[in-house]
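Trainee: There's a structure below that I have some questions on.
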Amino acid sequence: MTRYPMDQELKDRLDAQDKKLDAIYVSVEKARKYFLWTLIATVVAFVLPLLAAIILVPLMLGPLMSAYSI
């Protein structure tokens, strides 16, 4: 038996808090990865087509406009 019974209770509480902190860390890392992949998907789905349109539309309109020029 320990000399101070409060020490064992304190140790048990700290161990429980460590387990909960580890669970929180795992959950936060999953959320961070989710947000990272959401950002990557947003860039791929929105920004890249927008850049492609900015580059390709003038290239396609050039010959069309030259056909209608006088």
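Trainee: Taking region 1-25 as the search range and keeping residues that are among the aliphatic types (A, V, I, L, M) and in a helix (DSSP H, G or I), which one is surrounded by the fewest Cβ atoms within 10 Å (Cβ to Cβ)?
Mentor: Here the residue is M6.
Trainee: Return the only residue of D12, D18, D7 being within 28 Å of the chain's Cα centre (by Cα) and not aromatic (F, W, Y).
Mentor: D18
Trainee: Between V47, V28, which is surrounded by 10 or more Cβ atoms within 10 Å (Cβ to Cβ), at pLDDT below 95 and in a helix (DSSP H, G or I)?
Mentor: Unique residue meeting the criteria: V47.
Trainee: Could you check region 52-70 and list, in sequence order, the residues that are over 36 Å from the mean Cα position of the chain (by Cα) and either among the aliphatic types (A, V, I, L, M) or in a loop (DSSP other than H, G, I, E, B) (or both)?
Mentor: If the condition is that a residue be over 36 Å from the mean Cα position of the chain (by Cα) and either among the aliphatic types (A, V, I, L, M) or in a loop (DSSP other than H, G, I, E, B) (or both), then L61, L64, M65, A67, S69, I70 are the ones that fit.
The values are calculated or read from the model by the stated rules, or taken from the named source; none is laboratory data. Here the structure is a predicted model, which means the values were calculated and not measured. Positions of Cβ are backbone-derived with ideal geometry, glycine not excepted, and every protein chain shown enters the neighbour counts.
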